[in-house]
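First up is the structure itself, then whatever we jot down about it.
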Amino acid sequence: MIVWALLACGGSDTMPPAEPAPPLNLVEPLGPGQVRAGVVTDPAALFGGTSAEGRVGDVKMYNDRVQFIIQGVRDSSFYVSTGGTVVDADLIRQGHPGQDTIDELSPMFGLGRVLSPTNVEVTSDGATGEAVVRIIGDEAPLGLIEGALESPGFVPPLGLTLTTEYRLAADSWLLEMRSKATAGDSEVTLALGDLMIVAPEVSDVWHPGSGMETGGDDPFLWSGFQGRAGAPAVALVAEEGSPLTASGAELLTELADMAVGFGPTVELAPGESIEWVRHLGVAPDLATISDAALQLAGTPTETVSALVTAPDGPVEGARVNLLADDRPLTVALTDAEGRFTAQVPAGASVSWIVDGRGDGLFLDIPPGSGPYAPYAAPEVRAAQLDAFTDGAAGAALARGRGVATSEAPLTLQQPGTLSIQSSDGLPFAARLAPRDPGPSVDERVVLERPDGLTAAGWSRDGDLVLTAPPGTYDLTVWRGLRYSYDSQEVTLTAGQDQAVSVILTKQVDHTGWILGDPHQHAAPSGDADIPMADRLIGSAAVGLQVHFGTDHDHVADYRPLSKALGLQPTLRSVVSDEVSPPLRGHFNAYPLNPTDDANGGAWSWWGEIVADTESLVDAIQARHGNDVVLQSNHPTDNGMAELSGWSPGRVGDPDRWTDRFGAVEILNAGEHERFTDFYYDMVGRGILVAPTGVSDAHGHFSGHLGLSGTWFGIGSDDVADWSDDALIEAMRARRTIAGLGVFLACSIDPGSIVDAGTVVEVEARTADWIAVDRLHLVQDGVVIETVEGRSARFLLDPARDAYFVVIAEGDSPMSPISGRTPWAMTSAWLVDVEGDGWSAPLPPLATD
């Protein structure tokens, strides 16, 4: 710790108080041989990235290469809230808001036991050539484990005294992490290690020996992630003589895609200590980190280097996958001269596979923009939003250049470009499919094609440019279920641009109704692999009018980002949260108001373990208010219905049940067969809920986004008329239609209470590439009438109170966009026969 003292010479006069030392300048760039650490007082010292969450009051450590934010004594976002950990890490960048990718990085003192800090102090500011930050604290359970198991005390206290020191040297890519555990009055057995979760939307997990495939239990020198789109490589690196292993950490690795590194299990006598040293590497590529790892291990090495070229010159930003004895070793990126260099174990038989294809994903956003971090400091968020308007300095990326191997000259292809423009200037999605799929590639190391396509893209303003190798392709441009699509053959020539114009015509009249998707995910969700900006642009591109940000256990506000992207005229966003306790099912809560609390104010089920699902609802309403809509997600597929032991008419475990939800998914990712019986049982027993259709999309292509959604009856089809109040009113009135490619125009609003003898006219409306073959009238869960064709007049005339829904279905796939067949279902009409108020046709649910 830096201690300032004032020494007086002679005399007894009282000296004036010393002026406090000015805070260190943590903004200025450092040069070779320099390193610095200090408490952040200027938000300009912070940096962005998809996972950024640093704040004033945290500690920054940096040199001329890398920078880190150590969380102070405060709660943070994501699932590990305790301080004293690395929350942000990135390369030193100029002209870019940042590319932090670390969701979680936490030392563990035994499986599931973390340090809860009481003090975070800078013990060396770097003036001596090394910056040091020391964390002192108590042991605490990893709440995610105890919350997921609903088992307080599952991680028992051991009476440990814990410290962690972070040490950063000048001119180093590695942050040394030195943790110490001291036993109390009892003997303890534990293994020291780390868990690291890195944003999958901009990074690929990578293990030596297996590449992007799941690693085994063999000890390793390092394990980490290779960044995409300019994001850094990050890795856990072993200290000399102390290899890491993931063996025994299956309970953690099943929760999320992560890198886990543990040392050997040790026994400590009372008062005895154990110290554990390892490193966090951050670099432009994994080869830079693996070079340092081999040096730390004392492994004899030799240098490999080569030039990657194409007909148009040296290729910068190509991804070179090095293999030793045919096993994945590391990843290097080519520099501005097209060269790569890496250290490999001496005597190894080395080969390489050069990936110049890129990820094949294209969006019309300025170079260098993104990704956005919802929990970054306000000043950092503002800089990130500015980049979506003005662009920023970005890394050069090889795209559309194919694959080369060391068995042939390292010559990639020169790509061509395809410029697409829509006649109306509105968003659209494009899919470029190869006529010839080409040779197979090593899937351990080469990035997979997006949905089997050569390229895919999403336009926010009617213009889009794709890059691909020369060849002939099938181009499909579409804008969701409400519009026609355009399909044509295109041929790309190396070094040339091919311009095409497309016409997408609106073909579905949905007056009074707006199309939304009340269940979709992006970067805040740990299991989503799509950035927030991509999700918004993609939603608008496939014709959605309302996006719901239902990320797992996050209240992430997409609205500032939507505004920066210029999407407000076509797309609105609803602040939401998918509350996701594993043993109680998932519930969407919307609309919400974000706060400055951790995770935007989301209720933490892992920090507040409840005894029953009724208490879960109480906690959500206490946090967000009684007007919040609760939607039971995928109820019979790891949802509340399944987990509570529901069967028609009965609940097996009432502690895992509640009927206090206002909506339920009957269509999830194009599937409906397994969910409709649950909806029928609820309505039939008087639990009146609004049916919804959703994509539950976690990536760019999952969930039939743009086809599987919900129509909300708000009295307008104009997004300018959308509001949270209009949403709440429509949900309370159960004025919804769940549709897979279909809108159902009804003469009487679904969800209404009607008299016996009422006639409802229904018309299935679709674009011309979607065919509906018949309509079914369902009474109390049973089909009582079927009409072939797209329209019908149905008489609702039961002998006693009943409910009715109409289902539309088609027999032909929605080609070329989806292999699914179309389907839609209305919310239930309730027929009050006697005019004395509607009565449920079935008795209430029974409980065991």
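Conditions tested, residue by residue: (1) open to solvent by 30 Å² or more (accessible area, probe 1.4 Å); (2) within 22 Å of Ser51 (Cβ to Cβ); (3) out of contact with any strand residue (DSSP E or B) (no Cβ under 7 Å at 6 or more places or on another chain); (4) among the charged types (D, E, K, R).
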site: Asp90; (1), (2), (3), (4): no, yes, no, yes
site: Phe109; (1), (2), (3), (4): no, no, no, no
site: Asn119; (1), (2), (3), (4): yes, no, no, no
site: Val122; (1), (2), (3), (4): no, no, no, no
site: Asp125; (1), (2), (3), (4): yes, no, no, yes
site: Val133; (1), (2), (3), (4): no, yes, no, no
site: Ile136; (1), (2), (3), (4): yes, no, no, no
Inset, instruction - State yes or no: is Arg584 open to solvent by 10 Å² or more (accessible area, probe 1.4 Å), out of contact with any Pro (no Cβ under 6 Å at 6 or more places or on another chain) and either modelled with pLDDT of 95 or more or of a type in the set (Lys, Arg) (or both)? - result: no
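Residue-wise test of (1) open to solvent by 10 Å² or more (accessible area, probe 1.4 Å); (2) at pLDDT 95 or above; (3) out of contact with any Leu (no Cβ under 9 Å at 6 or more places or on another chain).
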{"residue": "Pro469", "(1), (2), (3)": "yes, yes, no"}
{"residue": "Val477", "(1), (2), (3)": "no, yes, no"}
{"residue": "Arg482", "(1), (2), (3)": "yes, yes, no"}
{"residue": "Thr493", "(1), (2), (3)": "yes, yes, yes"}
{"residue": "Gln496", "(1), (2), (3)": "yes, yes, yes"}
{"residue": "Ala499", "(1), (2), (3)": "yes, yes, no"}
{"residue": "Thr511", "(1), (2), (3)": "yes, yes, yes"}
{"residue": "Ala522", "(1), (2), (3)": "no, yes, no"}
{"residue": "Asp529", "(1), (2), (3)": "yes, no, yes"}
Inset, instruction - Taking the options Ser106, Ser51, Ser116, Ser124, name whichever one is part of a loop (DSSP other than H, G, I, E, B) and either farther than 19 Å from Val380 by Cβ or of a type outside the set (A, V, I, L, M, F, W, C) (or both). - result: Ser51
Inset, instruction - Quick one: Val651 ticks every box in (1) open to solvent by 30 Å² or more (accessible area, probe 1.4 Å); (2) farther than 28 Å from Ser51 by Cα except a single one, so which number is it? - result: (1)
Inset, instruction - Please work out which one of (1) open to solvent by 10 Å² or more (accessible area, probe 1.4 Å); (2) of a type in the set (Phe, Trp, Tyr); (3) touching a helix residue (DSSP H, G or I) at 6+ places or on another chain (Cβ under 6 Å) is the condition Trp352 fails and give its number. - result: (3)
Inset, instruction - With the condition kept exactly as written, say whether any residue in segment 835-848 is assigned to a loop (DSSP other than H, G, I, E, B), touching a strand residue (DSSP E or B) at 6+ places or on another chain (Cβ under 8 Å), open to solvent by 70 Å² or more (accessible area, probe 1.4 Å) and in contact (Cβ under 8 Å) with a residue 60 or more places away in the chain. - result: yes
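Yes or no, residue by residue, for (1) surrounded by 15 or more Cβ atoms within 10 Å (Cβ to Cβ); (2) more than 21 Å from Asp355 (Cβ to Cβ); (3) over 24 Å from the mean Cα position of the chain (by Cα):
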site	(1), (2), (3)
Ala387	yes, yes, no
Gly391	yes, yes, no
Arg399	yes, no, no
Ile420	yes, yes, yes
Phe428	yes, yes, no
Ala433	yes, no, yes
Val441	yes, no, yes
Ala456	yes, no, no
Inset, instruction - Would you point out which residue out of Val546, Val628, Val617 is open to solvent by 10 Å² or more (accessible area, probe 1.4 Å), farther than 22 Å from Leu142 by Cα and at pLDDT 95 or above? - result: Val628
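Table: residues versus (1) farther than 18 Å from Gly126 by Cα; (2) in contact with a Leu (Cβ under 6 Å, 6 or more places away or on another chain).
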| position | (1), (2) |
| --- | --- |
| Pro29 | no, no |
| Val39 | no, no |
| Asp42 | yes, no |
| Ala45 | no, yes |
| Gly54 | yes, yes |
| Tyr62 | no, no |
| Gly98 | yes, no |
Inset, instruction - Examine segment 484-492 for a residue that is within 30 Å of Ala726 (Cβ to Cβ) and in a strand (DSSP E or B), and state whether such a residue exists. - result: no
Inset, instruction - Read through the list (1) under 27 Å from Leu567 (Cβ atoms); (2) in contact (Cβ under 8 Å) with a residue 24 or more places away in the chain, then give the number of the only condition that Asp486 fails. - result: (2)
Inset, instruction - Would you check if there is a residue in segment 74-84 being closer than 21 Å to Ala235 by Cα, open to solvent by less than 20 Å² (accessible area, probe 1.4 Å) and either hydroxyl-bearing (Ser, Thr, Tyr) or assigned to a strand (DSSP E or B) (or both)? - result: no
Inset, instruction - Could you tell me which of the residues Thr658, Thr692 is modelled with pLDDT of 95 or more, assigned to a strand (DSSP E or B) and among the hydroxyl-bearing types (Ser, Thr, Tyr)? - result: Thr692
Inset, instruction - Return the total of residues in segment 458-467 being open to solvent by 50 Å² or more (accessible area, probe 1.4 Å) and either in contact with a strand residue (DSSP E or B) (Cβ under 7 Å, 6 or more places away or on another chain) or outside any loop (DSSP other than H, G, I, E, B) (or both). - result: 2
Inset, instruction - Determine if segment 726-746 includes at least one residue that is hydroxyl-bearing (Ser, Thr, Tyr) and outside any loop (DSSP other than H, G, I, E, B). - result: yes
Legend entry - Neighbours by Cβ (under 7 Å, 6+ apart or cross-chain): first from segment 327-351, at negative phi and touching a residue at least 24 places away in the same chain (Cβ under 8 Å); second of a type in the set (Phe, Trp, Tyr) and buried (at least 16 other Cβ atoms within 10 Å of the Cβ): Val331/Trp206; Ala332/Phe340; Leu333/Phe340; Thr334/Phe340
Inset, instruction - Among residues belonging to segment 149-199 that are part of a loop (DSSP other than H, G, I, E, B) and touching a helix residue (DSSP H, G or I) at 6+ places or on another chain (Cβ under 7 Å), point out the one that is least open to solvent (accessible area, probe 1.4 Å). - result: Val155
Legend entry - Members of segment 806-826 that are more than 29 Å from the chain's Cα centre (by Cα), in contact (Cβ under 8 Å) with a residue 40 or more places away in the chain and surrounded by fewer than 23 Cβ atoms within 10 Å (Cβ to Cβ): Gly810, Asp811, Ser812
Inset, instruction - Just give me the residues in segment 753-779 being crowded, with 20+ Cβ neighbours inside 10 Å and assigned to a loop (DSSP other than H, G, I, E, B), in sequence order. - result: Thr766, Ala767, Ile770, Val772
Inset, instruction - Select from segment 702-725 the residues that are in a loop (DSSP other than H, G, I, E, B), buried (at least 20 other Cβ atoms within 10 Å of the Cβ) and in contact with a helix residue (DSSP H, G or I) (Cβ under 9 Å, 6 or more places away or on another chain) and list them in ascending order. - result: Leu705, Gly706, Ile714
Inset, instruction - Could you please tell me which pairs satisfy a Cβ distance under 7 Å, a separation of 6+ or placement on different chains, a first residue in segment 411-429 that is in contact (Cβ under 8 Å) with a residue 40 or more places away in the chain and closer than 17 Å to Ser487 by Cβ, and a second residue that is in a strand (DSSP E or B) and of a type in the set (Phe, Trp, Tyr)? - result: Ser422/Phe428; Phe428/Trp478; Ala429/Trp458; Ala429/Trp478
Inset, instruction - Kindly indicate whether any position in segment 13-34 is at pLDDT 95 or above, open to solvent by less than 80 Å² (accessible area, probe 1.4 Å) and on the phi > 0 side of the Ramachandran plot. - result: yes
Legend entry - Odd one out for Asn599, checked against (1) closer than 22 Å to His698 by Cα; (2) more than 26 Å from the chain's Cα centre (by Cα): (2)
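This table checks each residue for (1) at pLDDT 90 or above; (2) out of contact with any strand residue (DSSP E or B) (no Cβ under 9 Å at 6 or more places or on another chain); (3) part of a strand (DSSP E or B).
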site: Ala235; (1), (2), (3): yes, no, yes
site: Gly261; (1), (2), (3): no, no, yes
site: Val277; (1), (2), (3): yes, no, yes
site: Ala292; (1), (2), (3): yes, no, no
site: Leu322; (1), (2), (3): yes, no, yes
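The values are calculated or read from the model by the stated rules, or taken from the named source; none is laboratory data. As the structure is a computational prediction, the values presented were derived from the model and not from experiment. Virtual Cβ from ideal backbone geometry, glycine too; neighbours counted across all protein chains shown. The protein model used for the area step is the full one, side chains on, heavy atoms only, and it has no ligands, DNA or RNA in it. Shrake-Rupley method; radii C 1.70, N 1.55, O 1.52, S 1.80 Å.
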